[in-house]
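Beneath this line is the structure, given in structure tokens, with notes to follow.
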Amino acid sequence: AQSVTQLGSHVSVSEGALVLLRCNYSSSVPPYLFWYVQYPNQGLQLLLKYTSAATLVKGINGFEAEFKKSETSFHLTKPSAHMSDAAEYFCAVSNGGSQGNLIFGKGTKLSVKP
Amino acid sequence: EPEVTQTPSHQVTQMGQEVILRCVPISNHLYFYWYRQILGQKVEFLVSFYNNEISEKSEIFDDQFSVERPDGSNFTLKIRSTKLEDSAMYFCASSRFGGGQETQYFGPGTRLLVL
């Protein structure tokens with residue numbers, strides 16, 4: 001069965017600092033992995049996804065994630081945090097079925113200090 | 001840019017009452033989903049819907065839940081007799097195609113509070 005673990009429910013960084021949000025997955029089949037972001041009072045917006053092409057995936061707003069099969073990880077990074085990055089970030093894995101239902105982690109709330 | 005919309009944004013109801021949550025998926029999408037997030041917990045899959053029938057459902061999606069696509073645009077989730085534990089944020093999502101690599105586009109959610 002597929003599952004996702006996000007380490008750290010809350011991460012705080014200074015503006016301009018590196019952002020690193022951790023996600024580890026468990027999957028019985030080659031995984032499809034996603035990062036979504038949720039800004040206050042908005043829906044979940046796709047940041048990026050891994051679909052077995054390049055292991056380094058670039059997304060919107062300067063975010064990227066690297067798929068590491070040996071570590072079963074898909075950590076999200078951004079070299080320099082901006083105040084507008086403050087939001088909640090969700091890692092998800094497709095359940096491997098034909099419909100692609102998503103299994104989410106608990107989310108990590110990112111705070112950015114000026 | 002096309003987006004998924006949901007109404008209402010907030011709903012308060014009494015335990016035992018029926019509620020209907022509404023979603024308008026992106027117009028050329030074929031696959032529809034409901035998820036929910038109880039406060040402080042994970043976003044959980046409820047049900048997927050394709051070709052006017054349920055494709056998959058989770059163990060959460062019991063007999064008190066139903067989904068319908070009553071016309072060409074709306075996709076609804078009905079909770080027949082609400083319980084306190086149904087209080088959650090409910091997200092609708094849609095995708096153009098099915099399959100694990102397809103992007104699901106989410107609506108802003110409906111926050112349901114059962115008293």
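The values are calculated or read from the model by the stated rules, or taken from the named source; none is laboratory data. This is a predicted model, so every value here is computed, not measured. Note that we place each Cβ from the backbone using ideal geometry, even for glycine, and neighbour counts take in every protein chain shown. To get the accessible areas, we keep the full protein, side chains included, count just its heavy atoms, and leave off ligands, DNA and RNA. Shrake-Rupley method; radii C 1.70, N 1.55, O 1.52, S 1.80 Å.
Annotations
- Relative contact order for chain B, counting Cα pairs under 8 Å that sit 6 or more residues apart, in percent: 38
- Members of A:Lys78/B:Lys57; A:Lys68/B:Lys57; A:Lys109/B:Lys83; B:Lys42/B:Lys83 lying beyond 25 Å, as alpha-carbon distances in this model show: A:Lys78/B:Lys57; A:Lys68/B:Lys57; A:Lys109/B:Lys83
- Point-charge dipole on Cβ atoms (K/R +1, D/E -1) for the range B:31-106, about Cα centre, debye to 20: 180
- Percent of alpha-carbon pairs separated by more than 23 Å within the protein assembly as shown: 47
- Of all DSSP-defined beta bridges confined to chain B, some 90% are antiparallel rather than parallel.
- Inter-probe distance in nm under a simple model that places probes 7 Å from Cα toward Cβ, at B:Asn74 and A:Tyr39: 2.9
- Here the Kirkwood formula puts the hydrodynamic radius of chain B at 14.1 Å, using every distinct Cα pair.
- Over chain A: Kirkwood hydrodynamic radius from C-alpha pairwise inverse distances, Å: 14.1
- A:Ser52/B:Leu113 FRET efficiency (R0 41 Å; Cβ-Cβ; nearest 0.05): 0.50
- Inter-probe distance in nm under a simple model that places probes 7 Å from Cα toward Cβ, at B:Phe97 and A:His82: 3.2
- GNM flexibility winner over chain A from A:Ser70, A:Ser28, A:Ser14 (Cα, springs under 10 Å): A:Ser70
- Between the amide H of A:Leu48 and those of A:Trp35, distances stay under 5 Å, these residues lying 5 or more places away or on another chain, with hydrogens modeled in the peptide plane.
- Taken about its Cα centre, chain A carries a charge dipole of about 100 debye when Lys and Arg each add +1 at the Cβ and Asp and Glu each add -1 at the Cβ.
- Extending 7 Å from the Cα toward the beta-carbon at both B:Gln64 and A:Lys69 defines two label points whose distance is 4.4 nm.
- Residue order for B:Met89, A:Met83, B:Met15 - accessible surface, 1.4 angstrom probe, largest first: B:Met15, A:Met83, B:Met89
- By the rule of a C-alpha distance below 17 Å, with chain neighbours fewer than 8 residues away ignored, the aspartates and glutamates paired with A:Lys113 are A:Glu15, A:Asp85, A:Glu88.
- Here's how it looks for A:Ala87: its modeled amide H is under 5 Å from those of A:Leu110, which are all 5 or more places away or on a different chain.
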